[in-house]
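Where a number appears in this text, it was derived from the coordinates with a stated rule and is not lab data. For clarity, every value in this text was computed on a predicted model and none was experimentally measured. Ideal geometry is used to build each Cβ from the backbone, glycine not excepted, and the neighbour counts take in all protein chains shown.
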Amino acid sequence: MLTSKKILICVTGGIAVYKAVALVSKLTQAGANVKVMMTKSAMEFVQPLSFQAMSRNDVYFDTFDEKDSSVIAHIDLADWADLVIVAPATANVIGKLANGIADDMVTTTLLATTADVWIAPAMNVHMYDNAAVIRNIAQLSKDGFHFIEPSEGFLACGYVGKGRLEEPEKIVQLVEGYFVPKELPLKGKKVVVTAGPTRERIDPVRFLTNFSSGKMGYAMAEAAASLGAETILISGPVSLSPPPNVTLVSVESAKEMLDAVLLHFDTATMVVKTAAVADYKPKEVHLQKMKKQPGESVIVLERTTDILLELGKRKKDQLLIGFAAETNDVIHYAKSKLDKKNADYIIANDVTEEGSGFGTDTNAVTLVGKNIEQYFGHQTKKVLALQLLQTIIQLEKDDAK
């Protein structure tokens, strides 16, 4: 969602600076190009090197330290940013901005930028309630600055109350919402996404499953929702929280997943079958725990219903997208699955490749269709999911012409 978005983080001096390091890391992982500017007091808490490592960009802190002689640094950064976030924002910097004071690199840049500026305060609860701070925040709000409200909790000074810098995960969510495409190509459409593994019970304490974490499927659901779709996420057992604006349907077995998909299939515009569904299940499920016996034990397996194949047989106008997790001959198997299962696209990846496949936060895949074979290199699954859906939407639009 944040691919290539340019975000300037202005860090001012408070104990919450350590959270700003996490914020920069998470924004970078989400695909954003992040640059950091620090006040001198901020550098008393965290060294610039930490931000440089997380952002993979130079860190700025001195108005007179021009790293590129062809530009004036603070003006160049002010023009460069798509969004500026002051986090943490101290009472001091809020006061300076409210009164138009520009006496360091951060405040000078903030006065020069035409990008939206978000301010995330962090301070003692009594400072936050001080009449001068309230007045300064009101003035900045009137001037068009946006505030990320601090949360309540235990503060470094020992007080409990409002003043904690909002959690980095929440700020990233807000930023992703800000950059949601103004055009919503899936608005009015219904997208069904399957995710995670299935479990096939052997007895009350044992089951067959696989290593799928559900991360790619959840990323696909989040991307579909961000593009305006009514999104149904049918998920096997995972340890992930459902994305915002997504309806979660929790299932366990392959049969339960098939039933849930069929319930929504006729009204779906698009089905993205990301789940790693078990191909086999025990022929007999024991009602009591199986006891250890001397020697070998045999569990007889039978096939589960191939969900993608079943959907391909029933397909009318739905766009059917499957995933193929392979360990060899990836493209060959993807093309074979595309034809055999009457799918419109297969997204294939080599799960043996480092940084790809089950459990990782990144992935690299090839989108295979009747008229396309396009490789998408390693990136976060969230970024990749959005790119895949946007590419498929554009391909369908081109085909319709």
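Each of SER141, SER50, SER55 has some number of other Cβ atoms within 10 Å of its Cβ, and from fewest to most they run SER141, SER50, SER55. In the list (i) -0.33, -0.97; (ii) -0.27, -1.00; (iii) -0.24, -0.98, the label attached to log10 I(q)/I(0) by the Debye sum over Cα atoms at q = 0.06, 0.12 Å⁻¹ as derived from the coordinates here is (i). Given R0 = 22 Å, the distance between the Cβ atoms of ASP259 and LEU309 translates into a calculated FRET efficiency of 0.90.
Sorted fewest first by neighbouring Cβ atoms within 10 angstrom, TYR218, TYR128 come out as TYR128, TYR218. Placing pseudo-labels 7 Å out from each Cα toward the beta carbon at LYS291 and VAL205 gives an inter-label distance of 1.3 nm.
Each helix, a run of at least 4 DSSP H residues, gives -39500 (n - 2.57); summed and divided by the residues of the chain, these come to -10000 deg cm²/dmol at 222 nm. The slack in the chain from ARG56 to GLU252, taken as 0.36 nm per residue of separation less the alpha-carbon distance, amounts to 66.4 nm. Here ASP65, ASP129 are placed in order of increasing Cβ neighbour count within 10 Å, fewest first, which gives ASP65, ASP129. For an R0 of 60 angstrom, estimate the FRET efficiency from the Cβ-Cβ distance between ASP129 and THR352 and round to the nearest 0.05. Approximately 0.60, to the nearest 0.05. A protection proxy built from the mean count of other Cβ atoms within 10 Å ranks the segments 109-117, 384-392, most packed first, as 384-392, 109-117.
Within segment 6-178, antiparallel bridges make up roughly 15 percent of the DSSP beta bridges whose residues both belong there. Between segment 311-336 and segment 40-92, the alpha-carbon centres lie 46 Å apart. Each Lys or Arg adds one and each Asp or Glu subtracts one; over the other residues with Cβ under 13 Å from the Cβ of GLY355, this totals -2. Taken about its Cα centre, the chain carries a charge dipole of about 1200 debye when Lys and Arg each add +1 at the Cβ and Asp and Glu each add -1 at the Cβ. Taking every DSSP beta bridge that has both ends in the chain, the antiparallel portion is near 30%.
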